[in-house]
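Chemist: Take this structure, written in structure tokens, and hold onto it; I'll ask about it next.
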Amino acid sequence: MFVPCDRGGGSASSDFKGFTLLVPAVSVGNVGQLATDLVISTLDMTKVGYFYTDCLVPMVGNNPYATAEENSVELSINAEVYSLPSKKLVALQIRSPFIKNKYRPFCQTLLSWVKSSKCARVILLSSSHAYQRDDEQLLGTPLRYLLTPDLEKAVGGLMQELNWKEMEKVAAYPGINDTEKVLHIPGGGITKLLFTESCSKGIQMAVLLKFCSEGDNIPDAFALVNYLNEWLQLIKSEVNTSSQWKTPSSWRLLFGNGLPPALF
Amino acid sequence: REIDVLWTLKSGASTESSADEPLGCSTFIVAIGHHAAAFLSSFILDSVCWEVVGVVKLWNEWCRTSNTTNVLPTDSFCLFYRLISDPTVLLCQCSCYVAEDQQFQWLEKVFGCMRKEGLQVTILSTCPVADYKTQESTLTLPSPFLKALKTKEFKEQVCCPLLEQPNIVRDLPAAVLSYCQVWQIPAVLYQCYTDVIKLDTVTIEAFKPLLSSKILKSLVKDASESTKILKKLLTTNETHSNIYI
């Protein structure tokens, strides 16, 4: 459930009517979450609430987007909501994996919150295993999109203009029967479930995903966030867009501590 | 995987939580893990000033809680004590591992029985120093050392430096602190990073700076008692480790 930070402020901070909601899927390489970190950090979004749930593994830490001593002591938990009213943007950042058997209840809670908060549309940032690509997918761009029918009506044309590639469907029974096609997003976590549920519930949802593998996924996060930027135009896209995104301070030491000098 | 929280209220009879009147609580001290539990046993708890008021029964792949209330810090148990002279001071020693699917249950069942107005929570726990992320190597760090995390509402002095990013806290200590942050309860977590896995006095004594904090200052018992208990802990522990003699 959504719990606003500021109780006294009334519904002002939790009024997301007409906003675009960014949600990452906990997926291969955590690319969606890294991309969301970049968006929140670069646009300096304000924390407006917590998503209090029993579906995610608990964790706490100090402010991951700290820029100075003063703002580094704000406690952060595993699922928090940030907003930027000037761009009508709200982001839910998820920082830990799902507890066993809890991903379905989480999807339901999330989608019912989307409906009750009256967000205009949801953009799900995700990724899929690169090794599952077929021959055609190995060539060209590793970025894909998906739109629910309700959002297709609104922005389908824009996707054509941007020359984006829609996520291909795969054969339901490969090798046996190639006519029946289904959506398959290996490594995408709850992506497929959220997408299919949104289709049936009439929610305007777009999925933006990148094919990648586990490893140093920072370049993948930059690629995904630039892809998002082509559509939403969150920051001015210049020639070298990578340098426009601000890496949060919590990305330090992603690959471990310093080495003991005695090692050499 | 169900957790049972049984409270022994004034009437003496054990009752299930929830239905009854919520406990008024001003101070709630939670010690998670063997070292933190041993610290409270040595420096705060005794059978004269504190009474057992509750117990948590649970089972998971790592442990099963013991059935008695006469426990050693090396056992797996989760007990609640109340200060007889001030029944709003509650203390919990939780030396059993609460699995990730049980942590939420623990929170709801324990905090569900408490009135949260005027509540302040202090959490003590330990964690391996190898988990500590820092620019230098962990080999050169003077462990054990204390780091703290506090919720927005906690305005008092903290007895040690705050835990810097990119370090995080997991498991039950994180669950309790998250709960306090979301529901605006002032709370502080003291995490001791140690390189010793078994119960040892050096790690237990690393929590000593907390004894001068506002919350614990009034609850500390006689120093000579503490050294006696610490010594006892050492000996009970070592009988298991004579395999290499």
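The values are calculated or read from the model by the stated rules, or taken from the named source; none is laboratory data. The model shown is predicted, which means the values in this text are computed figures rather than measured ones. Using ideal geometry, Cβ is built from the backbone for each residue, glycine included, and neighbour counts are taken over all protein chains shown.
Chemist: Of all residues in the stretch B:150-160 being surrounded by fewer than 19 Cβ atoms within 10 Å (Cβ to Cβ) and farther than 15 Å from B:Pro209 by Cβ, which is nearest to the other protein chains (Cβ to nearest Cβ)?
Modeler: Among those residues, the one meeting the criterion is B:Lys152.
Listed here are the residues, each with its yes/no results for (1) over 19 Å from A:Met59 (Cα atoms); (2) part of a loop (DSSP other than H, G, I, E, B); (3) basic (Lys, Arg).
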| residue | (1), (2), (3) |
| --- | --- |
| B:Pro142 | yes, yes, no |
| B:Leu149 | no, no, no |
| B:Phe154 | no, yes, no |
| B:Gln157 | yes, yes, no |
| B:Cys160 | yes, yes, no |
| B:Pro166 | no, yes, no |
| B:Pro173 | no, no, no |
| B:Leu177 | no, no, no |
| B:Gln181 | no, no, no |
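Chemist: Of all residues in the stretch B:117-131, count the ones that are within 11 Å of B:Gln191 (Cα to Cα) and within 11 Å of chain A (Cβ to nearest Cβ).
Modeler: Selection size over the stretch B:117-131: 2.
Chemist: Between A:Ser96, A:Ser27, A:Ser76, which is more than 24 Å from A:Met205 (Cβ to Cβ) and of a type in the set (Ser, Thr, Tyr)?
Modeler: That would be A:Ser76, the only listed residue that is more than 24 Å from A:Met205 (Cβ to Cβ) and of a type in the set (Ser, Thr, Tyr).
Chemist: State yes or no: is A:Val122 within 23 Å of B:Pro166 (Cα to Cα) and of a type outside the set (S, T, N, Q)?
Modeler: Criteria not met by A:Val122.
Chemist: Taking the conditions exactly as written (of a type outside the set (Val, Ile, Thr), more than 7 Å from every other protein chain (Cβ to nearest Cβ) and without any contact (Cβ under 8 Å) to a residue 60 or more places away in the chain), does B:Lys147 satisfy them or not? Break it down into steps so the answer makes sense when it comes.
Modeler: Numbers: of a type outside the set (Val, Ile, Thr): yes; more than 7 Å from every other protein chain (Cβ to nearest Cβ): yes; without any contact (Cβ under 8 Å) to a residue 60 or more places away in the chain: yes.
Taking the combined requirement at face value, the residue satisfies it.
Chemist: Moving on to the next point. Is there a residue being within 14 Å of chain B (Cβ to nearest Cβ), surrounded by fewer than 17 Cβ atoms within 10 Å (Cβ to Cβ) and among the basic types (Lys, Arg) anywhere in the stretch A:249-256?
Modeler: yes
Chemist: For the stretch A:50-61, indicate whether the set of residues that are surrounded by fewer than 22 Cβ atoms within 10 Å (Cβ to Cβ), away from chain B (no Cβ under 14 Å) and not small (Gly, Ala, Ser) is non-empty.
Modeler: No - not one qualifying residue is present in the stretch A:50-61.
Chemist: May I ask you to list the residues in the stretch B:41-74 that are among the polar types (S, T, N, Q), in a loop (DSSP other than H, G, I, E, B) and crowded, with 18+ Cβ neighbours inside 10 Å?
Modeler: B:Thr65, B:Ser66
Chemist: Taking A:Thr196 and the conditions (1) buried (at least 19 other Cβ atoms within 10 Å of the Cβ); (2) of a type in the set (S, T, N, Q); (3) under 21 Å from A:Leu110 (Cβ atoms), which numbered condition does it fall short on, given that it satisfies the others?
Modeler: (1)
Chemist: When you check A:Gly29 against the structure, is it within 30 Å of A:Leu143 (Cα to Cα) and either surrounded by 19 or more Cβ atoms within 10 Å (Cβ to Cβ) or aromatic (Phe, Trp, Tyr) (or both), yes or no?
Modeler: Against the criterion (within 30 Å of A:Leu143 (Cα to Cα) and either surrounded by 19 or more Cβ atoms within 10 Å (Cβ to Cβ) or aromatic (Phe, Trp, Tyr) (or both)), A:Gly29 qualifies.
Chemist: Check B:Leu172, B:Leu216, B:Leu163 and return the single one that is within 11 Å of chain A (Cβ to nearest Cβ) and in contact with a Leu (Cβ under 6 Å, 6 or more places away or on another chain).
Modeler: Result: B:Leu163 is the single residue among B:Leu172, B:Leu216, B:Leu163 that is within 11 Å of chain A (Cβ to nearest Cβ) and in contact with a Leu (Cβ under 6 Å, 6 or more places away or on another chain).
Chemist: Kindly state which strands (runs of 3 or more DSSP E) lie completely within the stretch A:163-222 and contain at least 2 residues that are more than 20 Å from the chain's Cα centre (by Cα).
Modeler: On the way: elements: A:170-173, A:177-182, A:205-212.
The qualifying strands (runs of 3 or more DSSP E) are A:170-173, A:177-182.
Chemist: A:Ser117: surrounded by 21 or more Cβ atoms within 10 Å (Cβ to Cβ), among the hydroxyl-bearing types (Ser, Thr, Tyr) and touching a Phe, Trp or Tyr at 6+ places or on another chain (Cβ under 8 Å), yes or no?
Modeler: no
Chemist: Filter the stretch B:184-205 down to residues that are touching a helix residue (DSSP H, G or I) at 6+ places or on another chain (Cβ under 8 Å), modelled with pLDDT of 90 or more and either within 14 Å of chain A (Cβ to nearest Cβ) or part of a loop (DSSP other than H, G, I, E, B) (or both), then give me how many there are.
Modeler: Final tally of qualifying residues: 7.
Chemist: What number of residues in the stretch A:62-88 are outside any loop (DSSP other than H, G, I, E, B), within 20 Å of B:Glu164 (Cα to Cα) and either of a type in the set (S, T, N, Q) or at the interface with another protein chain (Cβ under 8 Å from one of its Cβ atoms) (or both)?
Modeler: Looking only at that region, the number is 6.
Chemist: All but one of (1) in a strand (DSSP E or B); (2) within 14 Å of chain B (Cβ to nearest Cβ) hold for A:Ala91; state the number of the condition that does not hold.
Modeler: All conditions are met except number (2).
Chemist: Further question on the same structure: Any chance you could count how many residues in the stretch A:121-143 are in a strand (DSSP E or B) and aliphatic (A, V, I, L, M)?
Modeler: 5
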